[in-house]
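Below is one structure, written out as structure tokens, with a few remarks after it.
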Amino acid sequence: MTTSHTTQTPAQRVPEWTLELSIAGAPVEGRGEPVSVLDPATEEELAQVPQADADQIEHAIASARRAFDEGPWGEMSGTDRSILMTRFADRLEDRLEELAEAIVYEVGTPITQSRIGQVQLPIAVLRNYAQLARKDRTEHLGTNFEMGASESLVTYQPIGVVGVITGYNYPLVLALRSLGAALAAGCTVVIAPSPKAPLSTLMAARAAEEAGFPPGVVNVVLGGAEAGRAISTHRAVDKVAFTGSRTVGQTVMEQAAGTIKGLTLELGGKTPTLVLPGVDLGPIMRRLHTKYLLNAGQACAAPARILVPGDQYDSVAELSRETYAKIRVGDPWDPKTIVGPLISPEHRDRVERQVAAALEQGAAIIAGGGRPDLERGWYMNPVLVGNVDNRAPIAQEELFGPVGVLIPYDGLDDGVSKANDVDYGLAADVFSPDIASGVAVARRLRAGTVTINGGGAFRPDAPFGGFKASGIGREYGEWGVREFLEPQHVQWALS
């Protein structure tokens, strides 16, 4: 591995952050306890952000309820909603560089990754949802002659007020993918971003205010677990979209059960990379490893469980060592950096403990490991671990760090079985000597998204979500919009 020691700060100084919440279409200073937002690359405090108190969270939910039940939003056509959503996307586009830099500061995502994956991607998602807002989904069922003639149609009605609770790792992606789908459906929204990385979401709130949504349609409150609990239990909230850990997702389910509200849950994964026999290994190594190291491995679909034919295990290990030697770790402002810092010292310690536990149980380091020689920042070098059983904790649990595991398999059936032998099913990667074989294997994998030979560009019109413990529901495209719609059967007699 190479280490970037430079500190390539952006052209301007650290910005003066926007710290206000957004309630009923206006900026509001929080009245709750302030939360300290830290730069994981320098360990310095970026801002003290006042959180919402209980009354302000109640006000935000009430504003969303009122905007849905009584305001002009409910009377707007899909075309009019689309215009406002496109204007919102334009305002975000105007702030693209500021937003990308904000995420470098608060998350530690390297700047090149931040521009593309953290900002351009969610703006593209929002624009796609703006187009879907125009769609008439009415279905005419035709005439039925049983017991007298009647005719029916099915309309799709917005579910109501939506609470969106996001994680820290991709703050704008997680906020805008649910917000955009809910707005396209005609819902109103209350967003509660992670207190670890709220700054870019608060910036996006200013863009939403400028776009001109009716008061109460888009609300952003900061309040950690208390805000999440209020949203999940409130009778005025009709659905909750949550992205985060499996443990917290289970808590959200329990809280929402009291009011029988709908849920969309994205609870992470332990994504396999299944390398099929006959693949030319050299050309795929960099793509295979860098994909799970992006954002320091803090990604729900990071394909860090690498399954290879047993007779190629040693070759993959050697090529992996060569690849790891070229991966740049360090300064997130360096455009060539691949692996930046983790979000907090506590999280880094947790990931390192999980690696240490695996080593104590007989695992061995194939490549990487340790920490880079940097004075500040919550960095750890990426590490590839071998001599691991597929059922070992390091191969089963989502680590959310720059850690890969290399596991051999004996025959394709064994490879598919090991790929599926995990509680999660969010995604899977397959490297295949030909597309037909890759597609055939994909059909056998219990995963919501399967990428073959690296796939292609992100598709905002394709569904994303998981099987098994990876969650409930789907994000993006038409599938995302329908998460926030209720089908209504309308029937009338024909005389």
- Any residue in the stretch 452-477 that's of a type in the set (Lys, Arg): show its pairings with residues that are open to solvent by less than 20 Å² (accessible area, probe 1.4 Å) and assigned to a strand (DSSP E or B) at Cβ separation under 9 Å, as long as the two are six or more apart or on different chains. 468/425; 474/264
- Of (1) outside any helix (DSSP H, G or I); (2) more than 14 Å from the chain's Cα centre (by Cα), residue 200 satisfies every one except (1)
- Message: Pairs please, first residue from the stretch 23-42 and within 23 Å of residue 217 (Cα to Cα), second anywhere and at pLDDT below 95 and open to solvent by less than 40 Å² (accessible area, probe 1.4 Å), Cβ atoms under 9 Å, 6+ apart in sequence or on different chains.
- Response: 27/18
- Task: Could you list all residues from the stretch 279-300 that are under 24 Å from residue 436 (Cβ atoms) and among the hydrophobic types (A, V, I, L, M, F, W, C)?
- Result: 279, 281, 284, 285, 288
- Expected output for the stretch 276-301 (first residue of a type outside the set (Asp, Glu), partner loosely packed, with under 15 Cβ neighbours inside 10 Å, Cβ below 7 Å, 6+ apart or cross-chain) is 276/433; 278/433; 279/433; 281/315; 287/454
- Message: Can you tell me which of (1) surrounded by 24 or more Cβ atoms within 10 Å (Cβ to Cβ); (2) within 30 Å of residue 42 (Cβ to Cβ); (3) among the small types (Gly, Ala, Ser) is the one residue 133 doesn't meet?
- Response: (2)
- Task: Residue by residue through the stretch 295-311, note down the ones that are out of contact with any Phe, Trp or Tyr (no Cβ under 8 Å at 6 or more places or on another chain) and in a strand (DSSP E or B).
- Result: 305, 306
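Results for (1) in a strand (DSSP E or B); (2) over 25 Å from residue 297 (Cβ atoms); (3) of a type in the set (D, E, K, R), shown as yes or no for each residue.
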residue	(1), (2), (3)
157	yes, yes, no
191	yes, yes, no
194	no, no, no
207	no, yes, no
219	yes, yes, no
- Out of 230, 241, 225, which single residue is surrounded by 24 or more Cβ atoms within 10 Å (Cβ to Cβ), within 24 Å of the chain's Cα centre (by Cα) and closer than 24 Å to residue 473 by Cβ? 241
- Message: So, in the stretch 266-324, exactly how many residues are farther than 29 Å from residue 3 by Cβ, among the charged types (D, E, K, R) and either in contact with a Lys or Arg (Cβ under 9 Å, 6 or more places away or on another chain) or surrounded by 18 or more Cβ atoms within 10 Å (Cβ to Cβ) (or both)?
- Response: 1
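Per-residue answers, yes or no, for (1) assigned to a strand (DSSP E or B); (2) over 29 Å from residue 231 (Cβ atoms); (3) open to solvent by 30 Å² or more (accessible area, probe 1.4 Å); (4) hydroxyl-bearing (Ser, Thr, Tyr):
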position: 87; (1), (2), (3), (4): no, no, yes, no
position: 93; (1), (2), (3), (4): no, no, yes, no
position: 106; (1), (2), (3), (4): no, no, no, no
position: 114; (1), (2), (3), (4): no, no, no, yes
position: 119; (1), (2), (3), (4): no, no, no, no
position: 137; (1), (2), (3), (4): no, no, no, no
position: 151; (1), (2), (3), (4): yes, yes, yes, no
position: 154; (1), (2), (3), (4): yes, yes, no, no
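Identify, from the list 182, 175, the residue that is in a helix (DSSP H, G or I), at pLDDT 95 or above and more than 21 Å from residue 245 (Cα to Cα). Write out each step before concluding.
Details: 175 fails: more than 21 Å from residue 245 (Cα to Cα).
The conditions single out 182.
I need the full set of residues from the stretch 42-70 which are over 20 Å from residue 106 (Cβ atoms), small (Gly, Ala, Ser) and either touching a Ser or Thr at 6+ places or on another chain (Cβ under 8 Å) or surrounded by 15 or more Cβ atoms within 10 Å (Cβ to Cβ) (or both), in order please.
Here is the first cut: in the stretch 42-70, the residues over 20 Å from residue 106 (Cβ atoms) are 53-70.
Filter again for small (Gly, Ala, Ser), leaving 54, 60, 62-64, 67.
Selection gives 60, 62, 63, 64, 67.
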- Query: Only one of (1) open to solvent by 10 Å² or more (accessible area, probe 1.4 Å); (2) free of Cβ contacts under 8 Å to residues at least 60 places away in the same chain; (3) over 18 Å from the mean Cα position of the chain (by Cα) fails for residue 256. Which number is that?
  - Reply: (1)
- Query: How do the pairs read when you match residues in the stretch 144-159 that are on the phi < 0 side of the Ramachandran plot with residues anywhere that are in a strand (DSSP E or B) and surrounded by 14 or more Cβ atoms within 10 Å (Cβ to Cβ), using Cβ under 6 Å and keeping only pairs 6 or more apart or on different chains?
  - Reply: 144/150; 156/485; 157/486; 159/239; 159/486
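I'm trying to understand the selection: among the residues of the stretch 19-41, which are in a loop (DSSP other than H, G, I, E, B), at negative phi and either of a type in the set (Asp, Glu) or open to solvent by 30 Å² or more (accessible area, probe 1.4 Å) (or both)?
Quick first cut of the stretch 19-41, residues in a loop (DSSP other than H, G, I, E, B) only: 19-20, 24-25, 29-33, 39-41.
Subset that is at negative phi: 19-20, 29-33, 39-41.
Selection gives 19, 20, 29, 31, 33, 39.
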- Message: So if I check each of 384, 359, 374, which one is in contact with a strand residue (DSSP E or B) (Cβ under 8 Å, 6 or more places away or on another chain) and in a strand (DSSP E or B)?
- Response: 384
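Out of the residues in the stretch 460-481 that are aromatic (Phe, Trp, Tyr) and on the phi < 0 side of the Ramachandran plot, state the one that is surrounded by the most Cβ atoms within 10 Å (Cβ to Cβ). Outline the logic, then answer.
Start the filter on the stretch 460-481 by keeping residues that are aromatic (Phe, Trp, Tyr), which leaves 464, 467, 476, 479.
Add one more test, that the residue is on the phi < 0 side of the Ramachandran plot, and what stays is 464, 467, 479.
Working: 464: 21, 467: 16, 479: 16.
Only one residue fits best here, namely 464.
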- Note on the structure: Screening 175, 207, 211 for residues that are under 21 Å from residue 26 (Cα atoms), open to solvent by less than 10 Å² (accessible area, probe 1.4 Å), among the hydrophobic types (A, V, I, L, M, F, W, C) and without any contact (Cβ under 8 Å) to a residue 60 or more places away in the chain leaves only 175
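The values are calculated or read from the model by the stated rules, or taken from the named source; none is laboratory data. This is a predicted model, so every value here is computed, not measured. Quick reminder, even Gly has a Cβ in these numbers, built from the backbone with ideal geometry, and neighbours come from all protein chains shown. What goes into the accessible areas is simple: the full protein's heavy atoms, side chains included, and nothing from ligands, DNA or RNA. Shrake-Rupley method; radii C 1.70, N 1.55, O 1.52, S 1.80 Å.
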